[in-house]
């Protein structure tokens, strides 16, 4: 397995946005390789606790190493929806919740994970590489129409239909098995691209097979129910599709409830908005020299 150095995106900005209280209870919902978690732990007292979530077995292994040295850590393995519901059932409440969506550098750099269009490896792309359909299984079974929709919706690939039809044509003789099998084929079609020709298609497949946007849509409302009053929700997104969901959610939760304008007098028991937006969005391009992080954007809100 290749070793890689993971640079945590918006490390200090995100932890500062949480306004960590020494005796507080926090949730790092995307542990990754623990960059944010370590900094949060450094600000907690012996009474503080940090819960972490990840579905990647390799990330969980890193978390277990950290737990061996720090018993203030509580590890939860699984997808957002599954774990957040368990935490709700257990009556948990947090002073702050952090989401750092996207793929980590170790996942990209390890050829065997199948995320990279520049490294030869099995066409996998699963966040949890012990469960679910691989990218190869999907590419070799999905219809041309389904692939076209995925490539356009999640990657805005202008040649989505042409690439989908070519995949169906080629796999009839030889199924796609490796990352470069697929990337090289896409490169023949998108050869005029300034960035790597397979970038958009690989992004789209990864988002689709991991249900990334669905996970975001379901996780954000659940996190609201887990926040204490005045608790902070900090969310880092890496592409416009994710950020659009986060922006819309925080905007809707920070607005007063809609009422019928024809009513002569507003009722006294009108519910207050659940969230208060905190500062403007923070862009990694202004704060981070990590090239892979240049598209990241952080949004912060506080529960009323």
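Where a number appears in this text, it was derived from the coordinates with a stated rule and is not lab data. The shown structure was predicted, so the numbers you read here are calculated from the model rather than taken from an experiment. Glycine gets a Cβ as well: all are built from the backbone with ideal geometry, and neighbour counts include every protein chain shown.
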To the nearest 10 degrees, how steep is helix 144-155 against the longest Cα principal axis of the chain, on a 0 to 90 scale? 50 degrees
Once you have the Cα-Cα distance between residue 177 and residue 67, take 0.36 nm times their residue separation minus that, and quote the gain in nm to one decimal. 35.9 nm
Compute the angle between helix 160-171 and the longest alpha-carbon principal axis of the chain, please, reported from 0 to 90 degrees and rounded to the nearest 10. 50 degrees
With each label point set 7 Å from Cα along the Cα-Cβ vector, what nm distance links residue 248 and residue 274? 1.6 nm
Jot down the radius of gyration and Dmax of the stretch 1-157, Cα atoms only, both in angstrom. 17.6, 56
Rounded tilt (10° steps) of 80-89 against the dominant C-alpha axis of the chain: 30 degrees
Students often get this wrong: which residues of the stretch 139-154 have the backbone nitrogen under 20 Å from the point 7 angstrom along Cα-to-C-beta of residue 217? 146-154
Compute a Gaussian network model of the chain, connecting alpha carbons closer than 10 Å, and tell me which residue from 37, 104, 240 fluctuates the most. 240
Here the FRET efficiency for residue 162 versus residue 295, based on Cβ atoms and R0 = 30 Å and rounded to 0.05, is 0.70
Multiply the residue gap between residue 257 and residue 118 by 0.36 nm, knock off their C-alpha separation, and tell me the result in nm, one decimal place. 45.2 nm
Using only the alpha-carbon atoms, what does the chain span along each of its principal axes? Please give whole angstrom values in decreasing order. 66, 60, 38
Extension reserve of the residue 82-residue 188 stretch, reckoned as 0.36 nm per residue once the Cα distance is removed: 34.1 nm
Quick check on the chain: of the DSSP beta bridges with both residues there, what percent are antiparallel, nearest 5%? 40 percent
Relative contact order, percent, the stretch 1-125 [alpha-carbon distance under 8 Å, six or more residues apart]: 29 percent
Output the relative contact order of the stretch 128-209, whole-number percent, from Cα pairs under 8 angstrom with separation of 6+ residues. 40 percent
Classified through the alpha carbon gyration tensor (a ≥ b ≥ c as square roots of its eigenvalues; rounded if a/c is under 1.5, else prolate when a/b is larger than b/c, else oblate), the stretch 128-209 comes out rounded
Alpha-carbon radius of gyration plus Dmax, which is the widest Cα pair, for the stretch 97-251 in Å: 16.8, 59
Normalised by the residues of the chain, what does the relative contact order come to in percent, with Cα pairs under 8 Å and at least six apart? 18 percent
Quick check on the chain: helices-only [θ] at 222 nm, where DSSP H runs of length 4 and up contribute -39,500 (n - 2.57) each and the sum goes over total residues. Nearest 500, please. -12000 deg cm²/dmol
